[in-house]
Amino acid sequence: MKLRQLAAFLLALTIFILPRAAQAQSKYYAPPLSFSNAELTRRDFSGQILRSAEFSNANMDLTNFSKADLRGAIMSASVMTQANLHGANLTNAMIDQVKFTNADLSDAILVETILLRSTFDGVNITGADFTDSIMDGAQIKELCGKASGVNSQTGVDTRDSLGCR
């Protein structure tokens, strides 16, 4: 478990911290949107470009992120009960300690995403692509029990992306 945590830290450092430090030195740098600690229940972010946006400690129950571009977003320690993430692109996102109870992650792209300590009770992952995501064994086992379909954008089989046997 410690090796996996070290890998998650190094990935976070590479993806989130170092690029932002370099951007901060540029005169054209625009800070990412921040919705940290926000009450976002029932908000509609469908189809929006929210790259590198921060949603830490946010309540996103029933929030619509369908087909949103959330690449590099940070959603740590948030609640996403019944959230709609159908077709959302969450590549390189940090989604640790998020409660996805009854959420729709169908056809979502979660490539190289950190999902440690997130829960997936009743989640729909049909066609989701989890290629190279960082999860613990229990999460993978749970998701393999409900995995099916092929992602319409990447062409990757959900079971293959999770490494299901």
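Side notes on the structure shown:
- Packing rank of 51-59, 146-154, where each peptide gets the mean count of other beta carbons within 10 Å, highest leading: 51-59, 146-154
- Pairwise alpha-carbon distances in segment 33-151 exceed 24 Å for 12% of all pairs.
- Residues whose placed amide H lies under 5 Å from that of Phe55, excluding near-sequence neighbours: Phe35, Ile74, Met75, Ser76
- Set of aspartates and glutamates with alpha-carbon distance to Lys146 below 17 Å, sequence-local pairs under 8 removed: Asp104, Asp107, Asp121, Asp129, Asp136, Asp157, Asp160
- When peptides 109-121, 82-94 are ranked by their average number of other Cβ atoms within 10 Å per residue, the highest-first order is 82-94, 109-121.
Computed from the coordinates by the stated procedures, all read-outs in this text should not be read as laboratory data. Nothing here was measured: the structure is a model prediction, and the numbers come from that model. A quick note on method: Cβ atoms are made from the backbone with ideal geometry, for glycine too, and the neighbour counts reach across all protein chains shown.
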